[in-house]
Amino acid sequence: MPAGGHLILDQTRQAVERRAHAILAQLQDLEGDSTAAAIDEERTERAEDTEVACSDLG
């Protein structure tokens with residue numbers, strides 16, 4: 001695969017960054033409800049990312 005900008009690489013980087021931020025948020029607030037909110041937010045983002053990736057394929 002040639003080096004350079006590829007759409008899937010940017011999407012993957014963004015997904016990894018979002019996941020890392022969600023994990024950090026969970027670690028910083030282990031006792032609060034924001035952990036559950038962060039998990040719900042992450043699930044929503046994953047669903048949206050899947051929809052975008054699938055729409056890009058076809």
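The values are calculated or read from the model by the stated rules, or taken from the named source; none is laboratory data. Here the structure is a predicted model, which is why all the values come from computation and not from measurement. No Cβ is skipped: glycine too gets one built from the backbone with ideal geometry, and neighbour counts run over all protein chains shown.
Taking every residue in the stretch 44-55 that is modelled with pLDDT of 75 or more and pairing it with any residue that is loosely packed, with under 14 Cβ neighbours inside 10 Å, at least 6 positions away or on another chain, the pairs with Cβ-Cβ distances below 9 Å are GLU45/ARG19; ARG46/ARG19; ASP49/GLN14. The set of residues in the stretch 1-43 being of a type in the set (Val, Ile, Thr) and modelled with pLDDT of 80 or more consists of ILE8, THR12, VAL16, ILE23.
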